[in-house]
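The values are calculated or read from the model by the stated rules, or taken from the named source; none is laboratory data. These numbers come from a predicted model, not from an experiment. Here the Cβ is made from the backbone with ideal geometry for all residues, glycine too, and neighbour counts use every protein chain on show.
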Amino acid sequence: MIHPDSIQIWDRLRSITQIKFRAQSGLRNGWNGEGAGSVTVENPQKDVLIFFERGEWKSTDGHSFSFKNAYRWKRTASSLKLEHLRLGINNPVFLVELHPVSVNKWQSWKPHVCGEDLYSGTLNVHRDKINLEWIVQGPRKNEKLVNTYK
């Protein structure tokens with residue numbers, strides 16, 4: 001049986017059309033800046049959503065470039081899993097598994113290990129937006145990323 005809190009979140013995720021994000025680094029040469037763009041959501045299976053994100057990123061030093069990403073959300077009985085599809089739909093890269101903490105908050109119970117880096121995620125659902133916050137820590141990373149979906 002699907003966790004009751006995931007039904008509301010799933011409906012909200014399915015209706016996303018915009019993304020804004022901010023990156024802050026604790027390192028001198030880290031990612032710092034903001035971006036915005038559009039999100040197209042596909043629902044190929046009952047418990048699968050694919051986000052196709054496209055937009056513009058601007059670093060705090062004034063450089064800007066276009067971006068595009070594809071992410072797959074999977075709803076299980078007790079969690080939401082997120083995968084990056086940068087290597088194609090048949091080669092997903094696992095990012096995080098989120099579990100309910102409260103009605104409007106889901107978070108990873110343990111960090112995901114990617115090489116020497118640790119990725120932790122928190123999903124906060126607000127009335128008018130959804131924030132997906134990332135903490136990335138490693139020998140060459142100390143990042144906080146906040147994706148705001150509407």
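Observations, loosely collected:
To keep it simple, each residue is scored yes or no on (1) modelled with pLDDT under 90; (2) charged (D, E, K, R); (3) closer than 17 Å to THR148 by Cα.
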| residue | (1), (2), (3) |
| --- | --- |
| PHE51 | no, no, yes |
| PRO92 | no, no, no |
| LYS105 | no, yes, yes |
| SER108 | no, no, no |
| TYR119 | no, no, no |
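- Among (1) aromatic (Phe, Trp, Tyr); (2) farther than 16 Å from LEU145 by Cα; (3) touching a Phe, Trp or Tyr at 6+ places or on another chain (Cβ under 6 Å), the one test that TRP57 misses: (2)
- Every residue from the range 71-85 that is farther than 12 Å from PHE51 by Cα and either in a loop (DSSP other than H, G, I, E, B) or in contact with a helix residue (DSSP H, G or I) (Cβ under 6 Å, 6 or more places away or on another chain) (or both): ARG75, THR76, ALA77, SER78, SER79
- Options SER79, SER66, SER15: the member that is buried (at least 17 other Cβ atoms within 10 Å of the Cβ) and polar (S, T, N, Q): SER79
- Members of the range 96-105 found to be in contact with a Gly (Cβ under 7 Å, 6 or more places away or on another chain) and either surrounded by fewer than 17 Cβ atoms within 10 Å (Cβ to Cβ) or closer than 16 Å to ILE50 by Cα (or both), listed by number: VAL96
- Where ARG72 falls short, out of the listed (1) modelled with pLDDT of 95 or more; (2) farther than 20 Å from TRP106 by Cα; (3) among the basic types (Lys, Arg): (2)
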